[in-house]
Structures are given as C-alpha cells and as structure tokens.
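Asker: Here it is, the structure, as structure tokens.
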Amino acid sequence: MDTPHRRAEIVVDLDRIRHNVRRLREWTTSADGTRPRMMTVVKADGYGHGLVPAARAAREGGADWLGVATVEEAVAVRDGGDRGPLLCWLAAPGDDHRPAVARDVDVTAYTVAQLDEVLAAGRALGRVPRVQLKVDTGLSRGGASPTHWPALVAAAREAERRGEARVTGIWSHLAASDEPEDPANAAQEQAFTEALAVAEQAGLAPEVRHLANSAAAVLRPSSYFDLVRCGIASYGQDPAPGHTPAALGLVPAMTVQARLVMTKRIEAGDGVSYGHTWVADRPTTLGLVPAGYGDGVPRHASSVVDVWVAGRRRPVRGRICMDQFIVDLGDDQIEAGEPVVLFGAGLEGGPTATDWALATGTINYEIVTRIGGQRLPRRYVDGGVAG
Ligand SMILES: *Cc1c(COP(=O)(O)O)cnc(C)c1O
C-alpha cells in the first residue's frame, strides 16, 4: 500500500480514470467498429476526485465530450485549460449564461423561458449560443414534459432561423438504468425516439442525441443514440451493483487512507465511543483512526463497515465521531502509525466505496462525492496505489 503522508487523505489515481474511460469507450464499441461519442461527467468536483484533474484525465483517456451540472463548473473546466466539447445542464432562473456562452459551452434549456435567457446572453455577447434541449421521458425531473416539448422545439427552431442559436443536441435522462429489467428503460427509449421525431419534423438537426448514463452505457446498447454520458463508471465505481459484468474491468480511482493515531487494549465489558453502542465481549486491541464525519466519513458507517489494516479487513466499532473513529484490531500486534485504508479499489480484498454504500444504505456516488468535505487533502498519483 502507498503510505499516507498525512493524518488522513484522499489519493486519486488519475491513470485509473484514463483506464476506465478507455474501457468504457471499448465496451460501447459495436462489432462493426462504430461507437457512440463518450462524454465523461465531471460535475460535483469530479464526483469527489477533483474537477480539473478528472477532466484532464478523462480527455487523455479519450473523452470526446465533458459534462457538468452548473455554469460555475463549466467555467472551472474552461479555466483549467479545456477547450473541447462541454455541456452543462442545470441553470436556475435568472442565472447569467454569458460566462458559458462566451466560453463555447453547450447550455441546456428545459423551458422556453430558459431558452430566452440563453438567447439574451448570446445577444449581449454578439455570439450564437450552442443550445441543447432536454426532454423529460419519464424521470419526472428536469426537461420539458411531452406536452411542452413541441413549443420548446418550435421556439428553438425559430431562434435558429433568426441566427440566434444553434441547437447542438437533444437529450434525456433515465430513471432506472441500474435495473436492467425495469420496463421504464424501454419506455423511456420509446418516448425519446418520439421526442426526436417531433424535433426533426420541426426542422432541428442536432449533432448529438443522448440518453444513456453509466449503467445504460454498460448494460443497454439500445440506449446509445449518438453519445453516452458516463459519470460514476469513469471513476471506476460500479454503476449497477449486481449487474455489471466483471469483464468490463473498471478500477476505482479513489483510495481514502489514514494512519492510526494510537492503539490500546480494552477489557471485556468496556464500551466503545459515544453512547457505548458497542461493548467488547472479550479483551481486544483498538486502533484510533483520525477521520470522522467532519471529513465526510458517514456517521451511518458506525459499527457497520470494515476498514483495511495490516492486510486484513477489520470492523469499525461504535459511533463515528466528528474527527475520529475506532477500529477493532483483535489480538494483532499493531502500532500507532499503521496505515488504514477506509475504502479503495479492493484489489487485495479490502473494502470499496460500494461496500460502504451497501452497508450504510446509500450508493457509491454519495460515498465518493461526500468524502473529504472541506477537510481532507487530495493527492494525485499516476499508477502506484495498490489498495
Ligand atoms: C450525473 C449525470 C450523469 C452521469 O450519471 P452516472 O450514473 O454517474 O453515469 C449523466 N447525465 C446526467 C443528466 C446527470 O445528471
């Protein structure tokens, strides 16, 4: 294992992000050699891996497009030096679209009102905005409902005719792609195909039509259209636990590690951490790990996850505190300073973010995106993290 040089840290192996993006490109390539364009999604600080480093690694791995949620994220990607195709998709009413339009970012409109705001930004700058239109095909989240879709399409086409916009894409988002048997998947593909027909009849000819996220990119070629938007899988996190083929060969890029502050023996009957929710049933050795919920370690992990110490999984005992938690080392002779992996790639059998997610009732997305908070330093490596 790579030795942590701090109290606790997040190590991101950028080479693994490159590898995962490359593997996803290969995986989505059909027998005749054609493949959808690959968008790597780097919103939310690159799912906790760092926005600009993740964006660079993704391009190096072959990402044709990058995707983010907010205009601020799009600007940060551009300020980091990226000039390639980039889509953002979440604006609030009154948001200033000029920073995105000025930087050649594709902006998404869900409504005619949003489209008008984007057009206003283009006029203010004397530029033709690149606009993508989102249709709601069944997630009931963002995007135009089928009843509002024809009006959005007509307004966008009118703007194109006036030379005030270029409609570069039409897209939607799936509700249940991590459940391949869910009938919502086929229903949404059908609804998307119908929405595309409405747009084409109105005269729109977008460069990219897209629906699939990571799980769909891995499991549903019928959802590919022109482009797939891969977030979680690009970071090596399993996009559909229980369904993802091992042959895909994703490797988690994030390892969270620390060093034991101290170890101590306790007796049978001793309670551990706040509330004594765990009481030792025999003498044992405890290790103190200097990371807690102030570092993004979920408090729901109390007594339910394992960490990796000295070549073995060891159980966390009692409540996770703000700055620290306690691990049970049994009767092993382990000293202060010993490295601890909270979660990582699991290549030697250690815990993964997916293990932590299953134990704490959430998804690996939330585990990797929340870890660190404002507190844990991130360190980048290019290969070389074994755990
Ligand atoms: C976050 C997001 C994605 C990426 O989803 P993954 O499941 O992480 O691949 C794709 N599209 C949209 C609209 C998103 O918000």
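The values are calculated or read from the model by the stated rules, or taken from the named source; none is laboratory data. Here the structure is a predicted model, which means the values were calculated and not measured. Cβ sites come from the backbone with ideal geometry, for glycine too, and all protein chains shown count toward neighbours.
Asker: Going by the structure shown, is Ala310 within 21 Å of Arg375 (Cα to Cα) and not aromatic (Phe, Trp, Tyr)?
Answerer: No; evaluated as a whole, the condition is false for this residue.
Asker: Considering only the range 212-224, I want to know if a residue exists there that is within 11 Å of the ligand (Cβ to nearest atom), in contact with a Cys (Cβ under 8 Å, 6 or more places away or on another chain), part of a loop (DSSP other than H, G, I, E, B) and at negative phi.
Answerer: yes
Asker: Separate question: Just to be sure, is Asp116 more than 15 Å from the ligand (Cβ to nearest atom), assigned to a helix (DSSP H, G or I) and at pLDDT 95 or above?
Answerer: Yes, satisfied.
Asker: Is it fair to say Arg299 is within 19 Å of Ile371 (Cβ to Cβ) and surrounded by fewer than 16 Cβ atoms within 10 Å (Cβ to Cβ)?
Answerer: Against the criterion (within 19 Å of Ile371 (Cβ to Cβ) and surrounded by fewer than 16 Cβ atoms within 10 Å (Cβ to Cβ)), Arg299 qualifies.
Asker: Within the range 115-137, track down each residue that is over 18 Å from Leu86 (Cα atoms) and either of a type in the set (Asp, Glu) or touching a Ser or Thr at 6+ places or on another chain (Cβ under 8 Å) (or both).
Answerer: Asp116, Glu117, Val135, Asp136, Thr137, listed by residue number.
Asker: Further, regarding this structure: Would the range 80-87 turn up any residue that is within 16 Å of the ligand (Cβ to nearest atom), modelled with pLDDT of 95 or more and part of a helix (DSSP H, G or I)?
Answerer: So far as the range 80-87 goes, no, none of its residues is within 16 Å of the ligand (Cβ to nearest atom), modelled with pLDDT of 95 or more and part of a helix (DSSP H, G or I).
Asker: OK, next. Taking the range 241-289, which residues are touching a residue at least 60 places away in the same chain (Cβ under 8 Å) and over 19 Å from Ala359 (Cβ atoms)? Can you show your working first?
Answerer: Step one: of the range 241-289, the residues touching a residue at least 60 places away in the same chain (Cβ under 8 Å) are 241, 243, 248-263, 289.
Listed by number, the residues that qualify are His243, Leu248, Gly249, Leu250, Val251, Ala253, Arg259, Leu260, Val261, Met262, Thr263.
Asker: Follow-up question, since we're still on this one. Only one residue in Pro180, Pro146 is assigned to a loop (DSSP other than H, G, I, E, B), more than 16 Å from the ligand (Cβ to nearest atom) and either touching a residue at least 12 places away in the same chain (Cβ under 8 Å) or surrounded by 17 or more Cβ atoms within 10 Å (Cβ to Cβ) (or both), so which one is that? Even if it seems obvious, please write down each step before you answer.
Answerer: On the way: Pro180 fails: more than 16 Å from the ligand (Cβ to nearest atom).
Of Pro180, Pro146, the one residue that is assigned to a loop (DSSP other than H, G, I, E, B), more than 16 Å from the ligand (Cβ to nearest atom) and either touching a residue at least 12 places away in the same chain (Cβ under 8 Å) or surrounded by 17 or more Cβ atoms within 10 Å (Cβ to Cβ) (or both) is Pro146.
Asker: Suppose we filter Gly236, Gly242 for residues that are within 27 Å of the chain's Cα centre (by Cα), within 13 Å of the ligand (Cβ to nearest atom) and farther than 29 Å from Asp116 by Cβ; which single one remains?
Answerer: Gly236
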